[in-house]
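A.B. asks: To start, I am sharing the structure in question, which I have written as structure tokens.
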Amino acid sequence: MATTMSCDALEQRLLKLEQPDIPCTELVDVLNELAHGLIDVDPQRAQTLVHRAQWLAAQLKYPQGEVRSLTLLSWLHLLAGHPDRALVRALHAEAIARRVKDDPLESRALYMTALVHDHVGHFEEAIKARHRMIGIARELNDAILEANCLMAMGTQHTKRHAPQQALDCYEAALKLYESRDPIQANAARNNIATALIDLGRAAEGLRIAETALLNCDPKNLRHYTWILHTIGCARASMQAHDLAVGQYATALFMIDQADRVGQAIDKAFQVTLLLDLARAYAASPQTAMAFSSLERALHIGTAIDAKPILIEIHNLLCQLYQAQRSPGLALVHAEQREALKAMTRRTQSDQFDRVLKVMAVVRAARDRIQQANVDAVMHQASDDVSAHPTRLTAREQSALRSKGL
């Protein structure tokens, strides 16, 4: 994401570009870049900017800018909980890229298509999109793009509970990264270790994770804490719960340090780490410390609405209260666990159905989809999203008309 300073600089560039009467491709690029920088801090304005960029790009016949806009819109819709809208934008971006025979652009669009399918649990379609990305990467002789795709496919196999397939992807990615990108090579080692732990080969996983830790710059707090967590998981799998506690606690301390130096770390990862720490405490057994970790995990997990992790937290709390012979408290957490499960099933089912509906409507016309088709599909599949603030200013519309566009 762009920094605050770069966003300020982009605002200044935008102001200068808006002074002439004739819109240009540079304006599209600045609108897209600024929207990207604002996604986390002001998603509403980001969406307004990127809508404007998309329409300008379409009118200027600037496919690179339009694909960039559409993929940004796809990401914004996914963040807002509308995977059907996200998929429509991603498919539209794919069609434009194929029409102009631009493989890197198509790869960018396929990335979002895969992400949407992955988000709703439609893993087979996600993997198909990743395979197409790998094909493009090989045609372009782009080893890093191929490795990135393999890493993403490995993650999808992990979600499908297919650790051997995940391991194969991660090992192939490591071979590509090793001589080209040491940081990503280390991330691949960490993922290999995780897959080995899932396969019941914790001792092997521990050795690889420890190698990854030795090769990791401690200043890269995000990667360092991920690897510490993996080492903790390996120790826990080997029943060395006290050693696991040490790794998890160190990782949590480093997360606090990361916050202080501005290296924000995913809150969902922090909650997962707290849950694993609680499990290690419970197995030690240090029940009071387990409850303390779970209380913190519950607080953060509720704040970010991390339902899948919250289900696991309530499940562990239920088990701990049962062990303490507190059936009333155990029942409370069992009920909350089941309520969250029901809510998650409803949400996932609804999102999955909406994505399938979009696929059914779009697939037949996938290679020739135009903006009018997209608007029709958007209206059919979900609420119309075209009612956003001005797509083009009056001055821009006038300038485009004067150019015959």
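Nothing in this text is a laboratory measurement; each read-out follows from the coordinates by a stated rule. Only a predicted model underlies this, so the values are computations on that prediction, with no experimental measurement involved. Note that we place each Cβ from the backbone using ideal geometry, even for glycine, and neighbour counts take in every protein chain shown.
A.B. asks: Note the full-extension length gain between HIS131 and GLN44 as 0.36 nm times their separation in residues minus their Cα-Cα distance, in nm to one decimal. Intermediate values should be presented prior to the final figure.
C.D. replies: Working: separation 87, 0.36 × 87 = 31.32 nm, distance 3.33 nm.
Extra length from HIS131 to GLN44 when fully extended: 28.0 nm.
A.B. asks: Continuing with the same structure: Starting from the Kirkwood radius over alpha-carbon pairs of segment 218-296, derive D by Stokes-Einstein at 37 °C in a medium of 0.692 mPa s and give it in µm² s⁻¹.
C.D. replies: 266
A.B. asks: Go through 328-340, 152-164 and give me the packing order, highest mean Cβ count within 10 Å leading.
C.D. replies: Per-residue mean Cβ counts within 10 Å order the peptides as 152-164, 328-340.
A.B. asks: Same structure again: Across 10 Å bins from the origin, how do the percents of Cα pairs in segment 274-343 run, short distances first?
C.D. replies: 23, 55, 21, 0
A.B. asks: Only sites in a loop by DSSP and with at most 12 other Cβ atoms within 10 Å count here; which trypsin sites (Lys or Arg not before Pro) in segment 30-94 make the cut?
C.D. replies: Those satisfying the criteria are LYS61.
A.B. asks: Over all alpha-carbon pairs in segment 25-140, figure out the percentage whose distance exceeds 19 Å.
C.D. replies: 44
A.B. asks: Please compute the length gained on full extension between GLU124 and GLN319, using 0.36 nm multiplied by the number of residues separating them and subtracting their Cα-Cα distance.
C.D. replies: Result for the pair: 66.7 nm of gain on full extension.
A.B. asks: Which chymotrypsin sites (Phe, Trp or Tyr not before Pro) in segment 63-133 pass both tests, a DSSP loop state and at most 11 other beta-carbon atoms within 10 Å?
C.D. replies: Passing both the DSSP loop test and the Cβ count: no residue.
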